[in-house]
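Have a look at the structure below, then the notes.
The values are calculated or read from the model by the stated rules, or taken from the named source; none is laboratory data. Keep in mind that what you see is a predicted model, and the values were worked out from it rather than measured. Backbone-built Cβ (ideal geometry, glycine too); neighbour counts: all protein chains shown.
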Amino acid sequence: MIGIFGGTFDPIHYGHLRSALEVKDVFALSKLLLIPSAQPPHREQPVATATERLQMLELAISHHPELSIDARELNHDGPSYMVDTLASLSKDYPHEPLLLFIGGDAFKQLMSWHQWQRLFDFAHIVVMTRPGVVINTMNEFFKQRHCQQLTELASTRAGKLYFQHVTALDISATAIRHMITQQQNPGFLLPDTVLAYIRQHQLYQRH
Ligand code: ATP
């Protein structure tokens, strides 16, 4: 199974990295792809450029060959829709189930994503439960796809919804950006190499 972990990564932090590593092991994934988004259609535009966010990702995983970066969303113009990304990944990996990992906060917004129902045509969706986010409502569409056994995911290529608890690290990129703007030190919330890059390129210094 191939894992897909999309995000703006503005900047990447230990909340992302710990979850990525953990699900790589729990689901015995053959690959875990971190996919930075170019122009996220459903949220504010990133502060750092696509190139800067990609370079921070490269620094963050440089000693972790078990994680990979897939920059396909940065390589085309216009907004990047996850449904198109999944369609293209499913052509590249025609024989393996795709698992799209999203946080609990992202799951709450899922129905606002472009053609959200079609996501399930190309991948299973795994919701990583995150501190402070309670998921208590699921509509009929989700209930029908909800599965409780991890083994069910390997038996079909797409279409299921699964919840996985990951080690709770209450870290967000927004909080890190805010700390930098306030001239506070976000050390130990993200890799030192990424923090050094942020300082060198003077990122996130203004509101
Ligand atoms: P921002 O604060 O700018 O919204 P973020 O920290 O939430 O950023 P994103 O790049 O938007 O990071 O998130 C990418 C994915 O990682 C999303 O699915 C999100 O839910 C998940 N995620 C973010 N932070 C954590 C965390 N601390 N633990 C687990 N998952 C996380």
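For the range 65-87: of the residues being surrounded by fewer than 14 Cβ atoms within 10 Å (Cβ to Cβ) and of a type outside the set (D, E, K, R), which is nearest to Gln45 (Cα to Cα)? Per the criteria, the residue is Gly78. A single entry from Glu73, Glu96 fulfils the requirement of being charged (D, E, K, R) and more than 24 Å from Thr193 (Cβ to Cβ): Glu96. I'd like to check something: does the range 40-47 contain any residue that is within 18 Å of Leu190 (Cα to Cα) and either aliphatic (A, V, I, L, M) or modelled with pLDDT under 95 (or both)? Yes, some residue in the range 40-47 is within 18 Å of Leu190 (Cα to Cα) and either aliphatic (A, V, I, L, M) or modelled with pLDDT under 95 (or both).
Taking the range 2-96 as the region of interest, the helices (runs of 4 or more DSSP H) fully inside it that hold 3 or more residues being more than 14 Å from the chain's Cα centre (by Cα) and under 23 Å from Tyr162 (Cα atoms) are 82-92.
Do we have Leu17 as within 13 Å of the ligand (Cβ to nearest atom) and either in contact with a strand residue (DSSP E or B) (Cβ under 6 Å, 6 or more places away or on another chain) or among the acidic types (Asp, Glu) (or both) here? For Leu17, the condition - within 13 Å of the ligand (Cβ to nearest atom) and either in contact with a strand residue (DSSP E or B) (Cβ under 6 Å, 6 or more places away or on another chain) or among the acidic types (Asp, Glu) (or both) - is not met. When Ser68, Ser37 are checked against the criterion of being over 21 Å from Tyr204 (Cα atoms) and small (Gly, Ala, Ser), a single residue qualifies: Ser68.
When the range 146-193 is filtered for residues that are more than 16 Å from the ligand (Cβ to nearest atom), aliphatic (A, V, I, L, M) and either in a loop (DSSP other than H, G, I, E, B) or loosely packed, with under 14 Cβ neighbours inside 10 Å (or both), the ones remaining, listed by number, are Leu150, Ala158. Going by the conditions given, is Phe107 in contact (Cβ under 8 Å) with a residue 12 or more places away in the chain and within 14 Å of the ligand (Cβ to nearest atom)? Spelling it out, Phe107 is indeed in contact (Cβ under 8 Å) with a residue 12 or more places away in the chain and within 14 Å of the ligand (Cβ to nearest atom).
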